[in-house]
Amino acid sequence: MDTDHEELSVVLPSTTTSGLSIALHPLPILNISEHFTRLKLQKETALPFTLGALLGTQNGREVEIVNSFELVLDGEAIDHVFLVDRRDQYKQTFPSLEFIGWYTVAPIPTSRHIELHSQFTGYCSTPLLLLLQPNASLIGSATDGTSQSIPFKAYEQTIEIRDRTSRSVFVEAAYNVETGEAERIAVDWTAKGGGSGTSLESHLQTQRAAVKMLHDRILMLVQYVTSVIAAEAPTDHGILRSISALIASLPATENKTFREEFKTESEDVQLTAFLASLTKSTNILNDLVDKHNLLTASRDDRYGGAPGNRRTRMQMGGARLGDWDRMH
């Protein structure tokens with residue numbers, strides 16, 4: 001059985017290496033991981049079939065994988081219409097990126113991957129296969145940037161001749177993870193939870209924790225006083241005097257003078273906000289009048305007209321502007 005497995009394997013032994021030099025960027029890594037995780041949750045399966053295209057650049061034997069997008073199947077075949085449309089859309093935004101391969105999720109490549117791989121040869125003479133192995137054991141460290149530090153493997157297709165017959169197989173290709181400054185910032189921002197690391201949210205979380213602590217302490221004091229009144233707890237006059245002093249130090253919210261001052265301050269704040277809104281509206285209206293006068297003057301210059309009429313209109317426009325300035 002082991003001999004049959006070795007003969008049917010579509011991956012050449014590790015002693016055979018590819019001459020490709022592959023640079024893998026973080027964006028396709030994040031895209032593939034997100035695609036697999038989303039399908040896993042939607043279909044509630046441990047290993048859903050995941051398929052997508054790889055975009056990048058190739059210069060001789062040097063390949064750079066920069067981006068990726070998802071693909072769909074039409075039965076057992078690739079939906080080529082969808083693939084061409086998506087590729088052209090990316091081409092309009094990123095003219096330098098070309099279709100260089102595809103990705104999927106599986107423990108090891110199989111004959112099905114060979115069949116799928118042959119469908120991509122029309123878009124690239126030597127497409128790559130990037131395989132995500134979610135259950136693979138990692139050998140290297142996460143900081144060395146080598147292919148052992150993340151559960152991805154890259155494969156190149158080649159032809160194996162055995163017993164006077166040829167067949168398509170995969171040969172593993174080594175790669176390095178390369179990042180630019182912008183990519184490092186984006187990955188760090190994503191690792192910290194996106195916008196959750198803003199100073200405003202940190203400030204609000206601190207305020208919430210402080211209010212929660214104050215609420216818990218007040219409940220503790222209320223429970224103690226209630227227990228003392230019900231003779232369920234010993235009376236400690238020192239604690240009771242401290243509670244009484246704390247209550248006495250609080251502002252008298254039901255005092256008539258306090259309510260009047262609070263009402264006055266509240267009205268002052270609302271009036272200030274109203275004046276700010278009114279000033280903003282006045283500035284917008286002033287800009288609108290200036291633009292209207294500018295368009296009117298440009299139209300008169302373009303189509304001509306009697307000098308007296310233009311002079312009259314300019315005087316009327318000046319009068320309107322003068323009235324507007326006096327209003328301010």
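In table form, for the structure just shown:
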read-out	value
Test: residue in segment 178-189 that is more than 24 Å from the chain's Cα centre (by Cα), at pLDDT 75 or above and not aliphatic (A, V, I, L, M)	no
Candidate set: segment 38-53, residues that are assigned to a helix (DSSP H, G or I) and under 13 Å from E70 (Cα atoms); chosen: the one farthest from the chain's Cα centre (by Cα)	L39
Check on A233, open to solvent by less than 80 Å² (accessible area, probe 1.4 Å), without any contact (Cβ under 8 Å) to a residue 40 or more places away in the chain and part of a helix (DSSP H, G or I)	no
Complete set of residues in segment 79-105 that are surrounded by 16 or more Cβ atoms within 10 Å (Cβ to Cβ) and among the polar types (S, T, N, Q)	T104
From the options E64, E34, E76, residue that is open to solvent by 70 Å² or more (accessible area, probe 1.4 Å) and within 27 Å of S149 (Cα to Cα)	E34
Yes/no for R259 being out of contact with any Lys or Arg (no Cβ under 6 Å at 6 or more places or on another chain), surrounded by 10 or more Cβ atoms within 10 Å (Cβ to Cβ) and at pLDDT 90 or above	no
Looking only at segment 54-79, and only at residues there that are charged (D, E, K, R) and assigned to a loop (DSSP other than H, G, I, E, B), the one that is modelled with the lowest pLDDT	E76
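Results for (1) among the acidic types (D, E); (2) surrounded by 14 or more Cβ atoms within 10 Å (Cβ to Cβ), shown as yes or no for each residue.
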residue	(1), (2)
I150	no, yes
Y155	no, yes
I159	no, no
S166	no, no
A173	no, yes
V177	no, yes
E181	yes, no
R184	no, no
V187	no, yes
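The values are calculated or read from the model by the stated rules, or taken from the named source; none is laboratory data. These figures come from a predicted structure and were not determined experimentally. We place every Cβ from the backbone using ideal geometry, glycine too, and count neighbours over all the protein chains shown. What goes into the accessible areas is simple: the full protein's heavy atoms, side chains included, and nothing from ligands, DNA or RNA. Shrake-Rupley method; radii C 1.70, N 1.55, O 1.52, S 1.80 Å.
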